[in-house]
Amino acid sequence: MMKERNDTYPCEEAVPLNSEDPSYLQPRQPSSRKLTIVSVLLTVSLLLNIGLLVNNFRGKDARHDLSPYAHLPRDVPTKYNSHSPFGLGSTTEEDRAIAWESLDSSAGEISLDADWADSHSLPESAPFFWDQDRRIYLLNGHHSLHCMRKVRRAIVLYNYNRPQMDSYTHLVHCMDHLLQNIICEADDTPFYTSTTSNITTGLGQERMCRSWDRLTDWANENTACFAYINETQGVGAVIDRFRYCPRGSSYLGPMREYFGYAGDWFRERPNDIDSLPRYWEGLDLVEMARKKGEGTD
């Protein structure tokens, strides 16, 4: 059977080495079609390898730039906006103040497993009231938000001749904290600029940012049951701010026992804005009166 197949379809091995067949003695030339196919395959292979290399380098860059604790990549393209709701994008002082004060800085007070903290070379911190195997930490981003809001509040109140709500010492601390963060970050993004308007500097320029929402989600997963109640007035004891454990949390039991609450006692964590004096009310009337006095609209 094999012999029949070889006779019918002779292969190279079936031809005697001493054959004088001219067609056998001449080198075979590959067809142009075969050359085209090989060229295409080589090109495709080259492109695929280049793509894999680029993706590999990008992957390494993204992994290298992950935040060290929550592991957040810079994967949020964000255009710089000098007219956001927190700035000139708000048409009233009240809207601008509410936008700022509605941001959640309380979530940044977190509790971390002590062993996890040690494995990440974090300094030892205060023990968490409701679980002695955990420690209390304050996320730098939320601390910066807390401070920036205080500084902004002081500027607004000064501008409208209203009594200050935060101590001068605390404001000095906050400005120092923000400055140290700026210097530590050493952000080298070159913003385009204008010789006629400072407000246009970097306007619309895109940067890659980390997700603030994902950071807050990570913070809530490591809750310390904290809320900035009476932020500007203070509280009788700091522990009073650690009563707002999530529903179903294992921390509810120890917290209730400490405060002497009933077994079903529960309070949603209040928003930062809810415990503040409403200092923004009436500011726009003052501004209107100013403009009227200056003869401007």
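Structure values in brief
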{"item": "Normalised contact order of the range 92-249, rounded percent, pairs of Cα under 8 Å and 6 or more residues apart", "result": "25 percent"}
{"item": "In sequence order, calculated HN-Hα J values of the range 127-133 (Karplus, 6.51, -1.76, 1.60; Hz; x Gly/Pro)", "result": "x, 6, 4, 9, 7, 5, 8"}
{"item": "Dipole magnitude of the range 182-236 about its Cα centre (Cβ charges: Lys, Arg +1; Asp, Glu -1), debye to nearest 20", "result": "80 debye"}
{"item": "Rel. contact order, % - alpha carbon contacts under 8 angstrom, at least six apart, the range 195-297", "result": "23 percent"}
{"item": "Overall dimensions of the range 184-223 by Cα: Rg and Dmax, Å", "result": "15.7, 47"}
{"item": "In nm, spacing of pseudo-spin labels at Thr201 and Asp133 (7 Å Cα→C-beta vector)", "result": "5.1 nm"}
{"item": "Modelled FRET efficiency - R0 30 Å, Asp95 with Leu66, Cβ distances, 0.05 increments", "result": "0.25"}
{"item": "Footprinting exposure proxy for Glu281, Glu294, Glu93, Glu287 (fewest neighbouring C-beta atoms within 10 Å first)", "result": "Glu294, Glu281, Glu287, Glu93"}
{"item": "Cross-link partners of Lys291 among aspartates and glutamates (Cα-Cα below 20 Å; sequence separation of 8 or more within a chain)", "result": "Glu93, Glu94, Asp95, Glu281"}
{"item": "Hz values of 3J(HN,Hα) by residue in the range 218-223 - Karplus curve (6.51, -1.76, 1.60), Gly and Pro given as x", "result": "5, 4, 5, 5, 10, 4"}
{"item": "Table column - 3J(HN,Hα) (Hz), the range 79-86, Karplus curve with 6.51, -1.76, 1.60, x for Gly and Pro", "result": "8, 5, 9, 7, 10, 6, x, 8"}
{"item": "Normalised per residue, the volume of the convex hull around the Cα set of the range 58-204 (Å³)", "result": "176 Å³"}
{"item": "Segment Asp213-Trp265, extension gain: residue separation times 0.36 nm, minus the distance between their alpha carbons", "result": "15.8 nm"}
{"item": "Residue list for the range 76-107, given a label point 7 angstrom along the Cα-to-Cβ vector of Met165 and an amide N cut-off under 15 Å", "result": "93-106"}
{"item": "Amide H contacts under 5 Å for Arg207, placed H, 5+ residues apart", "result": "Thr78, Lys79, Tyr80"}
{"item": "Nitroxide proxy distance, nm - points 7 Å out along Cα→Cβ at Tyr258 and Lys292", "result": "5.2 nm"}
{"item": "Dimensionless Rg over Rh [the range 174-297; C-alpha; Kirkwood]", "result": "1.12"}
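Only the coordinates and a few stated rules stand behind these numbers; no lab work does. All values derive from a computational prediction rather than experimental measurement. Cβ: placed from backbone, ideal geometry, glycine included. Neighbour counts: every protein chain shown.
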